[in-house]
Amino acid sequence: MTWDPTQYLKFAGERLQPAIDLLQRVPLASPGTVVDMGCGAGNLTPLFLARWPEAKITGVDSSPEMLAKARAQYPQASYVEASFAEWRPPEPVDLLYSNAALHWLGEHETLFPSLFSIVKPGGYMAVQMPRNFAAPSHTNILAAAEAGPWAPKLLPLLRRNPVSEPGFYWRLLHGKAAELHIWETEYTQVLSGENPVAEFTKGSALKPLLDALGAEERAAFEADYRARIAKAYPKEANGSTLFPFRRLFILARA
Ligand SMILES: C[S@@+](CC[C@H](N)C(=O)[O-])C[C@H]1O[C@@H](n2cnc3c(N)ncnc32)[C@H](O)[C@@H]1O
């Protein structure tokens, strides 16, 4: 999948709020090393540095487009182009942080213990992932994918439930963690503009499907999806659109 930082960052405020909320829960006074797995355009870098100016920040991401933006915007950090399935730091780190990224990869039963194993004793793993896959924004991706001649191309690409329920992560980590906190928050995102929920998913969950189609089919599939979403998320009287969005948080001390 190729990422379009401009489309993704149209909703930078909404996408960043959970990252800020997670960061506030990390009780480290002055971590020496912070790894941001799936750092994207580096939007967390200034927040890490504002809180921990001495920390050595490493952002890891597999998207050259996102990393180009990160390097241009926030050169204070180092960036590595790699998959978080494979890349591991040379030494254990004080904070392994990941916002809205680990759901892009499967096999969490091995990924999470592997990531947690690179955290120093006393350090933290802090992860946020969306868990909104049963909401109309996401179920209508499936409905639109099934509804046209593009179905054979799109259905194999759908990952129906990339994030498990909180208990799954507790069972994976509680025997390894000195302290473990797991919680969910549903944000009532107040969006503006025309069909903003469709614009929101276009920058993330919908993108791999759009990328898989030629221009004509892509336009028809996107129009089908947008019509469903406009109906599922009608405008409020003042023109805003409410987009409830549930997110899962995991904070584990090694
Ligand atoms: C939704 S963005 C989040 C970016 C950033 N964490 C933020 O909060 O702004 C997800 C990021 O995960 C990256 N990503 C997805 N799969 C990855 C993988 N297997 N290895 C490394 N990065 C990956 C994508 O390239 C993308 O930049």
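The values are calculated or read from the model by the stated rules, or taken from the named source; none is laboratory data. Keep in mind that this is a model prediction, so the values were computed, not measured. Glycine also receives a Cβ, built like all others from the backbone with ideal geometry; neighbour counts cover every protein chain displayed. Quick note on the areas: whole protein, heavy atoms, side chains included, nothing else; ligands and nucleic acids left out. Shrake-Rupley method; radii C 1.70, N 1.55, O 1.52, S 1.80 Å.
Is it fair to say Ala101 is modelled with pLDDT of 95 or more, within 11 Å of the ligand (Cβ to nearest atom) and over 18 Å from Asn43 (Cα atoms)?
no
For Met1, all conditions in the list (1) near the ligand (Cβ under 10 Å from one of its atoms); (2) out of contact with any Lys or Arg (no Cβ under 9 Å at 6 or more places or on another chain) hold save one; what is the number of the exception?
Here Met1 clears every test but (2).
Select, from Arg88, Arg160, the only residue that is more than 13 Å from the ligand (Cβ to nearest atom), open to solvent by 10 Å² or more (accessible area, probe 1.4 Å) and either over 14 Å from the mean Cα position of the chain (by Cα) or not hydrophobic (A, V, I, L, M, F, W, C) (or both).
The match here is Arg160.
Can you list the helices (runs of 4 or more DSSP H) lying wholly within the stretch 177-236 that have 2 or more residues being open to solvent by less than 60 Å² (accessible area, probe 1.4 Å), small (Gly, Ala, Ser) and modelled with pLDDT of 95 or more?
Fully inside the stretch 177-236 and qualifying: 215-232.
Does the stretch 10-23 hold any residues that are within 8 Å of the ligand (Cβ to nearest atom) and under 20 Å from Leu210 (Cβ atoms), and which are they?
Residue satisfying the conditions is Arg15 alone.
Out of Leu44, Leu23, Leu9, which single residue is buried (at least 16 other Cβ atoms within 10 Å of the Cβ) and more than 13 Å from the chain's Cα centre (by Cα)?
Residue meeting the stated conditions: Leu23.
Regarding Tyr74, is this residue surrounded by 15 or more Cβ atoms within 10 Å (Cβ to Cβ), hydroxyl-bearing (Ser, Thr, Tyr), over 25 Å from Arg131 (Cα atoms) and touching a residue at least 40 places away in the same chain (Cβ under 8 Å)?
no
Which of the numbered conditions does Tyr169 fail, given that it passes all the others? Conditions: (1) open to solvent by less than 40 Å² (accessible area, probe 1.4 Å); (2) outside any loop (DSSP other than H, G, I, E, B); (3) without any contact (Cβ under 8 Å) to a residue 60 or more places away in the chain.
So the condition that Tyr169 fails would be (3).
Can you tell me which residue among Glu65, Glu54 is open to solvent by 20 Å² or more (accessible area, probe 1.4 Å) and either part of a loop (DSSP other than H, G, I, E, B) or free of Cβ contacts under 8 Å to residues at least 40 places away in the same chain (or both)?
Glu54 is the lone residue from the list that is open to solvent by 20 Å² or more (accessible area, probe 1.4 Å) and either part of a loop (DSSP other than H, G, I, E, B) or free of Cβ contacts under 8 Å to residues at least 40 places away in the same chain (or both).
Mind listing whichever residues of the stretch 12-36 are under 28 Å from Val197 (Cβ atoms) and touching a helix residue (DSSP H, G or I) at 6+ places or on another chain (Cβ under 7 Å)?
Matches in the stretch 12-36: Ile20, Leu23.
Among the residues that make up the stretch 190-198, is at least one of them under 23 Å from the mean Cα position of the chain (by Cα) and closer than 22 Å to Leu102 by Cβ?
No - not one qualifying residue is present in the stretch 190-198.
Identify, please: which residue in the stretch 107-132 is in a loop (DSSP other than H, G, I, E, B) and open to solvent by less than 40 Å² (accessible area, probe 1.4 Å) and is, among those, farthest from Ala198 (Cα to Cα)?
Filtering first and then ranking leaves Ile118.
Being within 27 Å of Thr2 (Cα to Cα) and under 23 Å from the mean Cα position of the chain (by Cα) narrows it down to one of Leu242, Leu173, Leu209, so name that one.
Leu209
Is it the case that Leu49 is of a type outside the set (Ser, Thr, Tyr), buried (at least 20 other Cβ atoms within 10 Å of the Cβ) and either within 15 Å of the ligand (Cβ to nearest atom) or part of a helix (DSSP H, G or I) (or both)?
no
If you go through the stretch 33-46 one residue at a time, do you hit one that is away from the ligand (no atom under 12 Å from the Cβ) and without any contact (Cβ under 8 Å) to a residue 60 or more places away in the chain?
No; the residues of the stretch 33-46 include none that is away from the ligand (no atom under 12 Å from the Cβ) and without any contact (Cβ under 8 Å) to a residue 60 or more places away in the chain.
(1) open to solvent by less than 50 Å² (accessible area, probe 1.4 Å); (2) not in a helix (DSSP H, G or I): which one isn't true of Pro149, the others all being true?
Only one criterion is unmet by Pro149, namely (1).
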